[in-house]
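J.: To start, I am sharing the structure in question, which I have written as structure tokens.
The values are calculated or read from the model by the stated rules, or taken from the named source; none is laboratory data. Model, not experiment: these values are computed from the prediction. All Cβ positions, glycine included, derive from the backbone under ideal geometry; neighbour counts span all protein chains shown.
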Amino acid sequence: MRIVRRLQYVVAKLQCEKIRLHDADLERLDFLSKELSLIAPYLAEPLASEFSKILAGIRVGGTYKTTGRGRLQATERVICDYYADRLRHPLNFLDLGGSDGTTTLDAVRVFRRKLCVDVKACLLDLHPWLLRYCRGPVTEYRSRFEEPILVRIGKWGLRLNDGSDDALAQKYLQMAWFRRWLKRGGEVKLVNPLVQRDSSITVHAGNCFYREPAFEGRFDVVRVSNLLNLSYFPKPEIRTAIGHLHNYLVEDGLLVISRNDQREETEVECGSLWEKSGERFRHLEDFGGGSEIKSLVEKYPA
């Protein structure tokens with residue numbers, strides 16, 4: 001307890017010196033998951049939105065898990081426009097970059113309503129849960145690869161990986177001896193409970209840079225949104241991902257890649273749609289100015 005009291009003293013001292021602390025309550029995610037499992041779907045939307053809002057402030061693996069209902073309507077529109085003349089039952093849909101799965105659920109509902117097909121969706125995300133380590137009033141959250149995300153000391157929460165030179169975060173991370181003292185205390189799911197309760201959506205822990213043999217030739221539609229950005233990954237890695245996505249599609253399957261850009265006070269979807277044609281991709285349509293990696297896709301397999 002002496003160690004914990006010392007940490008609480010340091011937190012209070014730095015707070016007085018106006019070093020910013022963050023109060024991202026990840027335990028609230030567990031509470032919301034339990035509450036949402038007990039109430040009717042039509043009553044669950046506000047709590048599901050709160051779940052997504054909490055996640056938006058969490059940075060895992062170098063990116064924020066920003067999401068929200070209705071963010072990817074342009075991608076849904078182009079998929080419906082081009083899939084309507086090639087209907088297959090069920091529609092097998094792979095979604096990458098879906099964060100907590102809210103936008104995956106949006107797409108599934110749109111496809112069911114507009115295309116009148118059964119949908120089997122797979123949400124591929126590298127970080128569908130966090131690990132919890134605890135001791136007394138101290139709780140640290142880490143990714144499944146042990147990346148430190150956030151620590152709570154009593155009522156205070158401190159981000160450990162937001163890219164800043166936060167003095168307290170650096171001091172805490174240097175205390176390796178103390179962090180080893182924490183005990184594993186379960187997981188915090190980062191998949192929205194509304195997604196968890198939809199049996200047509202499965203969640204797979206992984207990413208598009210590693211080949212998934214079970215996915216090959218399986219999907220009618222693949223969507224990648226706010227993930228394959230040039231600001232996130234170098235071109236060679238993006239080319240590798242494009243190759244894997246090509247293998248996951250059936251012949252004449254659809255690939256849509258997009259990014260949400262902030263323009264003044266409006267968020268705009270910028271993306272492109274392709275069809276798998278033999279060893280290549282055939283361009284079908286752009287929206288919002290097109291995908292920033294359009295040239296990489298169209299040069300594949302070069």
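J.: Anything in segment 210-229 that is of a type outside the set (K, R) and farther than 27 Å from E267 by Cα? List them, or say none.
T.: Within segment 210-229, the subset of a type outside the set (K, R) is 210, 212-217, 219-222, 224-229.
Result: Y210, E212, P213, A214, F215, E216, G217, F219, D220.
J.: Pick from segment 65-88 the residues that are aliphatic (A, V, I, L, M) and surrounded by 13 or more Cβ atoms within 10 Å (Cβ to Cβ): which of them is nearest to L26 (Cα to Cα)? So that I can check it myself, show each step before the final result.
T.: The first filter runs over segment 65-88 and keeps only residues aliphatic (A, V, I, L, M), leaving 72, 74, 78-79, 84, 87.
With surrounded by 13 or more Cβ atoms within 10 Å (Cβ to Cβ) added as a condition, the list becomes 72, 74, 78-79.
Values: L72: 26, A74: 31, V78: 35, I79: 34 Å.
Checking each candidate, the answer is L72.
J.: Going through A107, A40, A48 one at a time, which residue ends up being among the small types (G, A, S) and modelled with pLDDT under 75?
T.: On the way: A107 fails: modelled with pLDDT under 75; A48 fails: modelled with pLDDT under 75.
When all the criteria are applied, what remains is A40.
J.: Moving to a separate point now. Could you list, in sequence order, all residues of segment 256-290 that are free of Cβ contacts under 8 Å to residues at least 40 places away in the same chain, in contact with a Cys (Cβ under 7 Å, 6 or more places away or on another chain) and at negative phi? Explain how you work it out, then say what you get.
T.: Within segment 256-290, the first condition is being free of Cβ contacts under 8 Å to residues at least 40 places away in the same chain, and the residues that meet it are 259, 261-266, 268, 270, 272, 274, 276-283, 286, 289-290.
With the extra rule that they be in contact with a Cys (Cβ under 7 Å, 6 or more places away or on another chain), the set shrinks to 259, 261, 289-290.
Within segment 256-290, R259, D261 meet the criteria.
J.: Part of a helix (DSSP H, G or I) and basic (K, R): which single residue out of R109, R132, R88 fits that description?
T.: Answer to the selection: R109.
J.: Taking A121 and the conditions (1) small (G, A, S); (2) modelled with pLDDT under 85; (3) not in a helix (DSSP H, G or I), which numbered condition does it fall short on, given that it satisfies the others?
T.: Among (1) small (G, A, S); (2) modelled with pLDDT under 85; (3) not in a helix (DSSP H, G or I), A121 violates only (2).
J.: Give me the strands (runs of 3 or more DSSP E) completely within segment 191-302, filtered to those with at least 3 residues that are within 24 Å of L105 (Cβ to Cβ), ordered by residue number. Steps first, please.
T.: Working: elements: 201-205, 219-225, 249-263, 266-277, 280-287.
Filter on segment 191-302 gives 201-205, 219-225, 249-263, 266-277.
J.: On the given criteria, is E292 within 19 Å of the chain's Cα centre (by Cα), closer than 24 Å to T63 by Cα and of a type in the set (D, E)? Please lay out each step first, then the result.
T.: On the way: within 19 Å of the chain's Cα centre (by Cα): no; closer than 24 Å to T63 by Cα: yes; of a type in the set (D, E): yes.
Taking the combined requirement at face value, the residue does not satisfy it.
J.: Let me ask you something else. Restricting attention to segment 146-165, does a residue exist that is free of Cβ contacts under 8 Å to residues at least 60 places away in the same chain, surrounded by 14 or more Cβ atoms within 10 Å (Cβ to Cβ) and touching a Lys or Arg at 6+ places or on another chain (Cβ under 6 Å)?
T.: Within segment 146-165 (the criterion being free of Cβ contacts under 8 Å to residues at least 60 places away in the same chain, surrounded by 14 or more Cβ atoms within 10 Å (Cβ to Cβ) and touching a Lys or Arg at 6+ places or on another chain (Cβ under 6 Å)), the answer is yes, since at least one residue qualifies.
J.: Yes or no: L249 crowded, with 18+ Cβ neighbours inside 10 Å and over 25 Å from Y64 (Cα atoms)? Lay out the reasoning, then the answer.
T.: Values: crowded, with 18+ Cβ neighbours inside 10 Å: yes; over 25 Å from Y64 (Cα atoms): yes.
Yes.
J.: So, one more: With respect to R184, determine if the residue is in a strand (DSSP E or B), outside the structural domain of E212 (by TED's automatic domain parsing) and touching a Cys at 6+ places or on another chain (Cβ under 9 Å).
T.: yes
J.: Moving to a separate point now. If you check G185, G217, which single one turns out to be loosely packed, with under 15 Cβ neighbours inside 10 Å and touching a helix residue (DSSP H, G or I) at 6+ places or on another chain (Cβ under 9 Å)?
T.: Going through G185, G217 in turn, the sole match is G217.
J.: Could we say that L190 is of a type in the set (A, V, I, L, M), more than 30 Å from D81 (Cα to Cα), in contact with a strand residue (DSSP E or B) (Cβ under 8 Å, 6 or more places away or on another chain) and surrounded by 17 or more Cβ atoms within 10 Å (Cβ to Cβ) here?
T.: On the way: of a type in the set (A, V, I, L, M): yes; more than 30 Å from D81 (Cα to Cα): yes; in contact with a strand residue (DSSP E or B) (Cβ under 8 Å, 6 or more places away or on another chain): yes; surrounded by 17 or more Cβ atoms within 10 Å (Cβ to Cβ): yes.
Yes; evaluated as a whole, the condition is true for this residue.
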